[in-house]
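The values are calculated or read from the model by the stated rules, or taken from the named source; none is laboratory data. Bear in mind the structure is a predicted one, so any value in this text is a computation, not a measurement. For the accessible areas, the whole protein counts, side chains as well, though only heavy atoms, and no ligand, DNA or RNA atoms are used. Shrake-Rupley method; radii C 1.70, N 1.55, O 1.52, S 1.80 Å.
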Amino acid sequence: MKISDIYKYYTIDENGCWNWTRATNKGYGVVNAMNQTFGAHRVSYELSIGPIPEGGSVCHRCDNPRCINPDHLWLGSHAENMEDMKIKGRSSPPPVHSGEDHWRNKYPEKVQRGEQQANAKLTDAEVIEIRRSYIAGEHRDTIAARYGLSPLSIPDLVSGKSWKHLFVAGFPTLDELKAASKRNQKPGAKVTKEIAEEIRRRLSNGELGKDLAIEYGIHKATISDIKLRKIWAD
């Protein structure tokens, strides 16, 4: 649309406001023209009153963000606009991102977890079965293959970094999984040529040396030497 056409798209209410009838953003009218987006009230001010200096704010005397009536608009600084909002009770407290007042803690029933998430690859029942299989001593590669997962995802599932909501009564607990992790380690394991080749393969697939060191019961430095072919080069 043409900038000059904005006065074709409003209705007048009992307060004399010229209410914008097209697109809005956060309650304010917006004008899409010349491949740009402008505030309808700002456009109205410039067309009817004059230029807006850099950093200037166009404020509403009527406290109606959809209004484009030039008689209801006044020019102020950002600070004056914020103070005006505060006086009129329109300012909002900053969002809470943590603690008891975070919306996730206040409304836990609204939080989508586990299989409720649109991109979930597993069901709650499958995650529980994965944890039980791990506790039973099954290797993570075997578990991952059965569910079509990357072996790298299994540690997060069994350590509680993901699907935490399933640590409730009747399901494998975090303590049980930690105990299984220690039991599944291979302290003092002897590195063979086959093991060294397997470690290199898994490193090349993106697995972390520290995780492999725990699994094979060897020092991280040994993993590094294997990777750099300082040992078992042949």
In this model, which of 121/164; 161/210; 193/227; 121/210; 193/220 are farther than 19 Å apart at the alpha-carbon? 121/210
Over segment 1-60, average the accessible area per residue using a 1.4 Å probe and give it in Å², no decimals. 62 Å²
Sequence of 159, 4 when ordered by accessible area, the most exposed leading, probe 1.4 angstrom: 4, 159
